[in-house]
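Chemist: Could you have a look at this structure, given as structure tokens, before my questions?
The values are calculated or read from the model by the stated rules, or taken from the named source; none is laboratory data. Not measured: the values here are computed from a predicted model. Using ideal geometry, Cβ is built from the backbone for each residue, glycine included, and neighbour counts are taken over all protein chains shown.
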Amino acid sequence: MQLEGFNAFCDNADQNGIIFYYNGSLSQNVIGTMGDALKQRLESQDAKGPTSRKLFSSFIEMVQNALHYSPEVPDSKGEKIGTVAVGKRGGKYFIMCGNLVRKQYADRIRARIDPLTSMTLDEIKQAYRAQLKNGDNDDGISKGAGLGLLTVARDASEPIEYSLIDMPGHETELSFFNLKAII
């Protein structure tokens, strides 16, 4: 990258309210370090109380999902990658997270998220409590019995958004999954 390109990247991040950004290898250690950095950044932004708690909780859920459900990068000795950005616009914080997913899980992802986008907050809370009580993992794939997405949807101030984009050269195998929550 040329210096001019880096300056443009920084300007674009500033214009879009980005206060934290990471792209690269994911591990529990990296997530812990990102969490610490985000906490410090939020303190410098004077984010307090429920907003800070919800933002941090959703951040952790989203990057944990990226770690748990990303396939390993070929020829990388088990490396998983992801991208996360946290920003603030119009007085609200947002979190955007992206990672590769196996295409075979695309319909499952849609089936879990689509209903959440049209549910009221009360319905989301009720579904969260029911899932917490039930704890049923119906497919043997989910590591948290679906609580992560319910947590993000519950903490969001607007319906969560997502996209699944076919990866060039891997259209039959991989998609890039993006998830956005506004807190």
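Chemist: Take the residues in the range 133-164 that are among the hydrophobic types (A, V, I, L, M, F, W, C) and over 18 Å from Ile60 (Cα atoms), then tell me which one is modelled with the highest pLDDT. Even if it seems obvious, please write down each step before you answer.
Modeler: In the first step, residues of the range 133-164 are kept if they are among the hydrophobic types (A, V, I, L, M, F, W, C); the result is 141, 145, 147, 149-150, 152-153, 156, 160, 164.
After this cut, where a residue has to be over 18 Å from Ile60 (Cα atoms) as well, the list is 141, 164.
On the way: Ile141: 57, Leu164: 96.
Across the range 133-164, the extreme among qualifying residues is Leu164.
Chemist: While we're looking at this one, here's another question. Just give me the residues in the range 15-42 being without any contact (Cβ under 8 Å) to a residue 12 or more places away in the chain, under 30 Å from Tyr69 (Cα atoms) and of a type outside the set (Val, Ile, Thr), in sequence order. Can you show your working first?
Modeler: Taking the range 15-42 and keeping what is without any contact (Cβ under 8 Å) to a residue 12 or more places away in the chain, we get 15, 29-30, 32-33, 36, 40.
Restricting the remaining residues to those that are under 30 Å from Tyr69 (Cα atoms) gives 29-30, 32-33, 36, 40.
Within the range 15-42, Asn29, Gly32, Asp36, Gln40 qualify.
Chemist: Only residues that are at negative phi, part of a helix (DSSP H, G or I) and surrounded by fewer than 15 Cβ atoms within 10 Å (Cβ to Cβ): list them for the range 40-52, please. Show your work before the answer.
Modeler: Initial filter on the range 40-52 (at negative phi): 40-45, 47-48, 50-52.
Next cut, part of a helix (DSSP H, G or I) only: 40-44, 50-52.
Residues satisfying the conditions are Gln40, Arg41, Glu43, Ser44, Pro50.
Chemist: Return the residue satisfying two criteria in turn: it lies in the range 70-94 and is over 19 Å from Pro159 (Cα atoms) and in contact (Cβ under 8 Å) with a residue 40 or more places away in the chain, and of such residues it is surrounded by the most Cβ atoms within 10 Å (Cβ to Cβ). Reasoning before the result, please.
Modeler: Our first condition is that a residue be over 19 Å from Pro159 (Cα atoms); within the range 70-94, this holds for 70-83.
With the extra rule that they be in contact (Cβ under 8 Å) with a residue 40 or more places away in the chain, the set shrinks to 70-71, 79-83.
On the way: Ser70: 20, Pro71: 14, Glu79: 14, Lys80: 19, Ile81: 18, Gly82: 23, Thr83: 17.
By that ranking, first place goes to Gly82.
Chemist: If you take the residues in the range 157-183 that are more than 19 Å from Arg53 (Cα to Cα) and β-branched (Val, Ile, Thr), which one is surrounded by the fewest Cβ atoms within 10 Å (Cβ to Cβ)?
Modeler: Thr172
Chemist: Give just the number: which of (1) free of Cβ contacts under 8 Å to residues at least 60 places away in the same chain; (2) under 19 Å from Tyr162 (Cβ atoms); (3) buried (at least 19 other Cβ atoms within 10 Å of the Cβ) does Cys97 not satisfy?
Modeler: Single failed check for Cys97: (1).
Chemist: Something else now. For the range 12-39, what are the residues that are aliphatic (A, V, I, L, M) and surrounded by 17 or more Cβ atoms within 10 Å (Cβ to Cβ)?
Modeler: Pass one, the range 12-39, residues aliphatic (A, V, I, L, M): 13, 18-19, 26, 30-31, 34, 37-38.
Scanning the range 12-39 gives Ile18, Ile19, Leu26, Ile31, Met34, Leu38.
Chemist: Pairs under 6 Å by beta carbon, first residue within 13 Å of Leu149 (Cα to Cα) in the range 101-118, partner modelled with pLDDT under 95, six or more apart or different chains?
Modeler: From the range 101-118, the pairs are Arg112/Leu149.
Chemist: While we're here: Among the numbered criteria (1) aliphatic (A, V, I, L, M); (2) farther than 12 Å from Ile95 by Cβ; (3) buried (at least 19 other Cβ atoms within 10 Å of the Cβ), which single criterion is violated by Leu55?
Modeler: (2)
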